[in-house]
Structures are given as structure tokens and as C-alpha cells.
1. Over the chain, what portion of Cα pair distances is larger than 49 Å, expressed as a whole percent?
2. If you average over every viewing direction, what projected area does the convex hull of the Cα atoms of the range 199-349 give, in nm²?
3. How big is the range 295-416 by the Kirkwood estimate over distinct Cα pairs, in Å?
4. Report, in whole Å, the centroid distance computed from the Cα atoms of the range 111-166 and the range 359-394.
5. Please list, in order along the range 677-692, the HN-Hα scalar couplings obtained from phi with the Karplus expression 6.51 cos²θ - 1.76 cosθ + 1.60 (θ = phi - 60°), rounded to whole Hz, x for Gly and Pro.
6. From the Cα gyration tensor of the range 553-602, with a ≥ b ≥ c the square roots of its eigenvalues, which class applies: rounded if a/c is under 1.5, or else prolate if a/b is larger than b/c, or else oblate?
7. Could you give log10 I(q)/I(0) at q = 0.12, 0.14, 0.15 Å⁻¹ for the range 93-231, computed by the Debye formula over C-alpha point scatterers of equal weight, without solvent?
8. On the Cα set of the range 285-360, report Rg and Dmax in Å, please.
Amino acid sequence: MPSDLTPLMKQYREIKSRYGDGILLFQVGDFYETFYEDAHEVSRLLNITLTTRDREKANPVPLAGVPVHAAESYIAKLLQAGRKVVVCDQVEETPGAGGLVKRVVTDVVTPGTTLAPATLVEKENNYIVSMVRDGEACGFAILDVSTGEFSAGEDSPAAVETILAALPIREAIVPAGSTGLPELVRAINAACTIGELPPYRFDDGVAREALGAHFAVGNLACFGLEDRALGRAAAGALLGYVKELRHDELAHITGLRLLVSEESLFLDAETMRNLELFEPLRGNAPDTTVIHHLDRTETAPGARELRRRIMHPSRNATVINARLDGVSAFAADRSSLGALRTRLRRFPDVERLLSRITTRRAGPRELLALSDALARIPEIASLAGRFGAPIVGEAVERLLTPSRVREIVERGIDPESPSHLRDGGVIRRGWSPELDELMNASEAGKAWIASLQESERRRAGISSLKVGYNRVFGYYIEISRVHDAKVPADYVAKQTLASSQRYVTEELKAREQAILTADARRVELEREVFDQICGEIARESAALQRVSAGVAALDVLSSLADLAVERDYCRPEITETNDLSIRGGRHPVVEIISGKNFIPNDVEIRSDEKSFLIITGPNMGGKSTYIRQTALISILAHAGSFVPASRAVVGLMDRIFTRVGASDNLARGQSTFLVEMGETAKILHNCTSRSLVILDEIGRGTSTLDGLSIAWAVSEYLLEDEGRRPMTLFATHYHELTHLAERYPHVRNLHVEVKEWGDSILFLYRIKEGQSDRSYGIHVAKLAGLPEKVIARANEILGMLEKEKAADTVPERPRPAQTSLFREVDAVRERLRGIDVDGMTPLEALELLAELQRLSRE
């Protein structure tokens, strides 16, 4: 450490040396200061002025600071940028030895462990994830410190990616030097902060001990982790890391849920993005997302629960039907539904209040807010009890979980409490005899002070005499200079002003000392008592979380019922078949944007008959809306929601895949075509007969012939394996694909209906049986506003091309051993002889087709 450092900078350097990986906010008076490299980074990230300390020296210290009173908003920005923030506070006002006030680190905050309301999104969870891998098995655990939600599991890396897809994961920890895990984390969330821990932190024995001690259980069978060593390791490492970071026992984490792939309908990140479930595909337009129109919840826990149900829809018919029964019960009694939703409105976020209370981050008013929330529970339970569905009854039982919390708060916390503890006046009389004595002493002293002014005026005969107080001089008696001759002899001069003099007396000094001593000790003792009260509440964590879960369940069911009533949604019928039948289906977002102009359409997919639908027709005709609404109706049904249709029969699915549009991933150096083929390969590798596959164009990112070849081959692949033939909707401009219906009985051709008016067309947005014979591309171009000269020339060129094309080239029926779309060419035959058909992957087959096509042209 340099010898010319000031005592303050030596203190800073010593603390910074223990937290080198974080930005240290170092309190100096009313500001949090940052120095050196931290100052440069904070100045850049927060767009605040970079200045210097000790600027008269040869090497001034870079400095950037933010006001203490506004620190939360600045910390939130640093967390959003993925930084770790270390908060170092002054814990005394008077300097001690060496002329320095004492400073200690009071908080260490990371993106995935923050508890401050300003750093959290109210309606979203805030997860930190832990991962460990052994070969093709991956253990994972996710934790929302702000709510106490804790889950773990073990599966293949691909399955883990799907399980965690689109979750709001802000931070991840992995074993140092692990291969593949950072890449897996980035595939789930590219903006996630990744930290590495020593591998021993993921040891199974350490994990067993940590989890067993926290939950006070002898074995982990009750959590389903007894035979999932990697899942245990990830959970134990995560719990230990957060406890160490927060310096807290995290009493509000009261359970550990096992996540298994068989429980949920899998939606990968591409599917959620393509269907705009939570984020818009383009720009900042939240009104284009499904959740924007679906979410009518009145509480933050309800909003988070709704998002979880949409991200991970159930595959269990019993669970789904129980949820649908709840929605039906609420929808059937609109009067009671409205009354319940009114009572739920602005209900406090019990989960996040609890997390702040148990970790000693809460203020008095947060405890009062919790008590107020619990005071509303009996009326909510009474209203909800009117609805007869079993799932509603279960939620009411959670609400009525016995708890002492309201009694504790009402007995211990003054209802007129300030928002913080530093000035006292928080704890009610009767909680602590010692505190009551201090209150009495302070109040008696202040009552004496209050009476002093009148008694001294009479004694001195000075009517303008005043008794005052300031933080520098304490209590004083102030007399105007014109009355100097009347000043009593026992007054001692304290401070001289221009027109008056301030005095003290021995009795006033003694009373002041007694008051200040009592007040200081009172504030100190109130902090201790407040901490005790928080501890009492922490012991009720499990009961409070049950209450919050009950409120969230009622909120979700009642909000879905409100939506169903207003938007005329129907209850879907859930079956064990591989079929999908929708009458009058609508897109839940487009129908709102379109208003009364939206045209409903039917969907019929039968696994034993027509399971592969090819939809042709012009752009803007409604193909994309049709296939997307089919996927969305399926998702909503599995989530336990009514759906936008007049009737829907939905077979249980395992996964929904979408390959939609064309988009470059320039950040990863991937072209449109490579992204498209990668997404297609994922579908071909992972779909089953229980899957729904939505394809909106395949092969558009390459030449027409290459694209058609690939689209044809993909279609055949999805059709030919009876054991894994998925339900498929394929919207395409390749009209040649409609010939697949001549060769495969499971193919059904559909088209969007268009009415021609001379040189113009009218989109009717109806899906009809049969194939479209024209693409109407030039008509669409005209509607888009291309110049008339361009349109005329395009029609000329189209006419010439149509004359040159004698007939469509239809691929030959596949041979038993090898699919071929080409005439036999020697070079092609030579290439085919060296192919291991059985060992090829679907993606390799697609690449081979492109190569064979090139050879056939040579």
C-alpha cells in the first residue's frame, strides 16, 4: 500500500482488497464514493461525472459518487449491467482513533440475489441458477432469493436448456474450469452474469450436509433428490453461495421442489420468442405479446405464478382439469368474481416482504404492510369460499394457515412508525420493560424541557426568552441582547449571536445528558427489539408462504375467468389422444388488434388420419396467424386457461416446436440460413408423436431449388416415421409441396381464401380445403406500394417465366434405401456409394441433399 495515502484511502484500500470482484460503494458523509477503476466504470455505466480526489497531488485519485438517499436507483442500474455491488456504510458519526469513522460492509448485492424493490421487476421472478455437469448429465438448481422459490433437477443438457428457457435468470454459478456449462448458460440467457466457484463447492457430500442442515431433514428423499446426485450438488452449492454472500441463514427458503421434464409441456426459447409469449419480436412493443393481453392479475405473486404456468404448462390432465374447474367456477358467478377481484386489488407482495423481513432488510412500514395484508385475508377467504371447485377450496385452506404474525406486528410495532429505525419511535409500549423505562425517561426529560421555557420566563422576567435545540450545541436558553441585565447569575454563556446570547444551566445540561443518553439507548434497543420481531416473523415463513401461494392461486384463476368472460373464451376438452380439434379458433393478440374484423378458423389434426397440414397462399393472407394461434391455443389449454375458440379438444402434448421467419444471429456469427437449419435440426432430433410442430417457411434463406429440396426432405422425414410422426402445420410458398398429399395419406392441403377483382385481390382470411394455385406475390407487392413501373415489369417477367416452365418438376417417390430428387448422374452415384445411411443425422442428410444437387448440375 502506498505510503502517502490518507487514513481514509487506507481504510478504503483495505476493504476493497476483500471485495475485488465488486464495485465498492464507500460512504463518505451523504455520498457513496467510488475510486480508481471503480470510479471509471461507475462513471461510464451511470453516466455521472468523473472527478478526482487530492487533485493537488501528483497522482490524484479518480472519483465518482452518488447520493446515499438515491443509491437504490443507481445500484439497480449497476445490477442491470451485470455488476456485483458492495455497500460499505458509516456506522458511527463521531470519528474514533486515527480520526476515522468506523465503516463496515453492510450488503453485497449481485444481479441474482438482490432484495431491494427498486432492483426487482414486480411481476417477474429474479433467478440465480447453479449448474454442474458430468458427461451427458447436468444437475441444476434455481433460486429466487426475493421470494424463497427453490427448485432443482437433473437431466440432459438439452432438456435443462428447455426447462430453463425464457426464465428471468440474472446470474449463474458453475464449477471453475467446467466445459460446456458457460455456453449452456448463455444459450439460455445471453445476458446472464456467470461466476465460477471452486469445484469442491459442488461436492455431493458438502451439498447433502448443507441441504440437510438448512431444511432439518435426515435425508433428501422428501425432495425427490435422493438418486439425483448432480441435482443435489447444484442445489447445495447454490444455497451455500447465497448464504455466504448475503451473510444470512435465508429462513424464508422453506422448501425445495424437484423439476422433471415429464411434468411440463416443453417450450424452448425459440418457440416462446416466435410466438411472442413474453417479449415482442421487434422493437419495444409489449402490446404485441401474449402476456400483455392475458395478464389480468391483481397481485404480484399472482402475476409471477401466471408466467410460470405459461412458461411451463402442465402435461398432467388431472392438474389441467382442476385448474379449468376453478376458472369455470369463477366464470359462472360474475358478481362474486368481481367482488373477489376488488378485494385482491393492490394486495401486498407477501413473498417479497417476507424475504426482506427474514434477511433483516425491512423497515417498520414493511412489517405494517404485512400485517395489513393478513388483516384482509378473512374477507378474501370468505368470498372465495362461495366457489365450489376443489382447487379453490385448496387455495382457501392455504389462506387460513394459522399464523402469529399479525398478532406479533400489532403488539410490537407502532402504527405511526417512521419508514426507518434511526430516529426511534417504532416499538410499542409493553413489548420490552427495559425499553418502556427508556421511553419514560426520555418523555419525562422532554416534558421538563417543554415546561422550562415558561418557568424561566417567569423567573427572569423576560417574556421573549426561548428554549431551543440544535444538533451541534444541544439544548440552550436564548435571550435577546437588550435583556443582558436581567440574565440570572446561574446562566452560563454557550454561544454569542449578533442580536442574542445563548445560555445553559447545570440542571439543563444534566437533563440534556439524561435525554440524549435515554434516546441513544432507546434507538439502539429498538433496533435490537425490531430484530427480535423480525426473527419471530421469520419462524412463521412457511405459513406466510402458504398464504401467499393461496392468494396467487385465487388471483390467477379469477383473472383467467375474467378474461374468458370478457373475450368469450371456451373451456378446452383435454384428452389423452394425439389429436387436435379447434372450432372457430382465434389468435389472442391479433383478434384484439383487429377488433371485429378478425376471422376465426377451424383446425383438425388426427394422428391416425391427417396429421400433417400444408397451408399455401399469399403473404398477408393469414397463414402465419393461423398456425401461431393453433400453438397458442394448445399452450393456453395445457396451462389450465380457457382458450379463444368456440370449441377446442386438445390432446396432451410433450413439446411444441416452432420454426418461424428468418433472422440472422450476427452476435454469434450465424447467417439466416444457418439459424434456420439449426432450429430445424433441433425439431427433427427431438420431436415425437406427442409433439406439435409449427413450420412457417423452411429453406427461404437459400436458393429456391436448395430451399425446396430441403423443405421436401424435412416434410418426408416428419411423415415417414410412424412411431414419431408429430402433429405438423407447415405454412409455405413452395406450392410443389402440395404434391406430398399424393404420396402420403397423412398430408392434408389447405389454403387461404383470396378473392380476385380484376388486377386486385381481397384477402378473406379463411382457411379452406385444397391447395393454392398462385402465390399472388405481385399483388401483395402492389399493396405494399411498389411503383407501378416495377409492378408492370414484374408481370412481364412472370409471364415469360411461366411460358418457359413446361410443367412443375415433382420429386420421385423415395426409394427404400435412399431418398433422391434427381435423375441418375454418374457423379451422384459415386457419391451415394460412400454414404452411411444408418449413421446420418437429419442435418447431415439436409447438407447431403444440397451437395447432390450441385453435383447434378455439373
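The values are calculated or read from the model by the stated rules, or taken from the named source; none is laboratory data. Not measured: the values here are computed from a predicted model. Reconstructed Cβ throughout: ideal geometry from the backbone, glycine too, with neighbour counts over all protein chains shown. We work out accessible area using only protein heavy atoms, side chains counted, and drop any ligands, DNA or RNA first. Shrake-Rupley method; radii C 1.70, N 1.55, O 1.52, S 1.80 Å.
1. Numbers: 137171 of 367653 pairs.
Across the chain, Cα pairs with separations above 49 Å total 37 percent.
2. Working: hull surface 51.8 nm².
So the Cα hull casts an average projection of 12.9 nm².
3. Numbers: mean 1/r = 0.0622 Å⁻¹.
It is 16.1 Å.
4. The two parts, judged by their Cα centres, are 27 Å apart.
5. Along the range 677-692, the couplings run 5, x, 5, 5, 4, 4, 5, 5, 6, 10, 6, 9, 5, 9, 9, 10 Hz.
6. Numbers: a/c = 2.71, a/b = 1.02, b/c = 2.67.
Because a/c hits 1.5 or more and a/b fails to exceed b/c, the range 553-602 counts as oblate.
7. Each listed q corresponds, in turn, to -0.55, -0.71, -0.79.
8. Radius of gyration, then largest Cα-Cα span, for the range 285-360: 15.1, 44 Å.
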